[in-house]
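Structure first, commentary second.
The values are calculated or read from the model by the stated rules, or taken from the named source; none is laboratory data. Treat the numbers as computed from the prediction; the structure is a model and nothing was measured. For neighbour counting, all protein chains shown are included, and Cβ atoms are generated from backbone atoms with ideal geometry for every residue, glycine included.
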Amino acid sequence: MTPGICVLGSCNMDLVAFAERAPSLGETVMGTRFLTVPGGKGSNQAIAAARAGGAVRMIGAVGGDDFGRALRGVLRGAGVDDAALRETMEPTGIAHIVVDGGGGNSIIVIAGANGTVNSLSVHDEGIVTSSSVLLLQLELPIEAAIAGAAAAHRAGVRVILTPAPSRPIPDALFANVDLLAPNQHELADITGIRDPKAALVSLLEKVPAAVVTLGSEGCLYGARGLPPFHVPAPKVDAVDTTAAGDTFVGVLAVALAEGREIVEALHRANAAAALSVQRAGASSSMPARDEIDAFLS
Ligand code: ADP
């Protein structure tokens with residue numbers, strides 16, 4: 001059976017300018033390099049899942065512009081079904097990123113077409129309810145995520161939420177999440193607790209299960225009624241950790257949709273993310289299914 005994964009999420013074009021230092025207000029500086037990189041957490045997770053062998057359908061929106069066509073091309077190239085990726089009058093969403101010589105960055109995100117996705121988009125052709133896993137993040141209007149999670153939950157579809165970027169999460173959304181997947185910063189933002197294990201335990205008052213990604217340390221998983229356990233990441237030389245978390249979640253979704261046990265699914269997600277951090281880029285660094293299999297064999 002092919003695992004059906006629906007991603008309800010954002011598509012952005014990342015416009016990345018590199019300069020020795022970021023300009024201060026009113027100032028112009030000469031930069032050193034510029035990149036246009038397909039991004040958005042929704043699109044990244046969809047591509048990660050498709051590369052890992054999932055049958056992935058994406059619900060979202062892009063503009064009728066060059067960025068929108070480029071993003072659609074990248075999704076299709078990875079094998080993502082884009083029939084429910086609407087084209088809107090609003091321009092494609094962008095993330096305007098300045099990276100300074102020390103690797104620090106500042107980012108302005110313009111939601112554009114992403115801002116038009118709403119609770120009605122969720123009911124497109126019954127995609128959510130006919131999937132086995134729904135992947136959500138927090139880059140779309142919150143009403144879309146709430147409606148998506150509710151529809152999925154009613155239909156018995158497993159809902160995985162990446163709570164990024166950090167923003168308040170209404171109880172109406174928490175109520176229908178099966179697995180929350182924050183990184184350490186998002187976990188601390190949600191719970192106000194710095195120690196990951198203690199924070200994870202407090203999170204389980206809101207959701208039945210959670211996995212916290214810990215960068216090079218791997219991840220920590222907890223479910224109500226079970227002691228939390230740690231799954232270490234393979235030791236690798238990381239060159240670029242962009243979208244490591246999105247790779248982890250996309251691959252985890254495929255493994256769970258295939259019916260794998262949680263421990264095995266977490267090992268696959270760690271392995272795929274460890275492969276991705278050894279290569280530069282976001283979607284371009286995500287491993288194919290056979291690479292994940294080879295790495296684990
Ligand atoms: P995010 O990308 O959302 O900030 P993390 O930094 O926690 O998330 O990374 C997500 C996952 O990527 C980790 O759980 C781990 O599997 C993998 N990962 C990240 N950094 C490394 C690293 N240096 N070595 C090996 N795996 C890594």
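A few notes on this one:
- Residue in region 207-216 that is more than 15 Å from the chain's Cα centre (by Cα), at pLDDT below 95 and not hydroxyl-bearing (Ser, Thr, Tyr) present: no
- Boolean, Arg72 is basic (Lys, Arg) and within 19 Å of Ser284 (Cβ to Cβ): yes
- Unique residue being surrounded by fewer than 17 Cβ atoms within 10 Å (Cβ to Cβ) and closer than 22 Å to Pro287 by Cα when the list is Ala238, Ala244: Ala238
- Filter pass, Ala151 being surrounded by fewer than 24 Cβ atoms within 10 Å (Cβ to Cβ) and either over 22 Å from His185 (Cβ atoms) or of a type outside the set (D, E, K, R) (or both): yes
- Options Ala111, Ala150; residue that is more than 18 Å from the chain's Cα centre (by Cα), of a type in the set (Gly, Ala, Ser) and modelled with pLDDT of 95 or more: Ala150
- Scan of region 141-186 for residues that are within 16 Å of the ligand (Cβ to nearest atom) and aromatic (Phe, Trp, Tyr), ordered by number: none
- Test: Arg33 is basic (Lys, Arg), out of contact with any His (no Cβ under 9 Å at 6 or more places or on another chain) and within 22 Å of Ala271 (Cα to Cα): no
- Helices (runs of 4 or more DSSP H) contained in region 187-297 and holding at least 1 residues more than 10 Å from the ligand (Cβ to nearest atom) and under 24 Å from Pro165 (Cβ atoms): 196-203, 244-257
- Note on region 269-293: residues that are of a type outside the set (A, V, I, L, M), closer than 16 Å to Gly39 by Cβ and crowded, with 23+ Cβ neighbours inside 10 Å total 2.
- The single residue among Gly73, Gly79, Gly64 that is surrounded by fewer than 24 Cβ atoms within 10 Å (Cβ to Cβ), in contact with an Asp or Glu (Cβ under 6 Å, 6 or more places away or on another chain) and modelled with pLDDT of 95 or more turns out to be Gly64.
- Restricting Val56, Val122, Val117 to residues that are at pLDDT below 95, touching a Gly at 6+ places or on another chain (Cβ under 9 Å), surrounded by 24 or more Cβ atoms within 10 Å (Cβ to Cβ) and among the aliphatic types (A, V, I, L, M) narrows the list to Val122.
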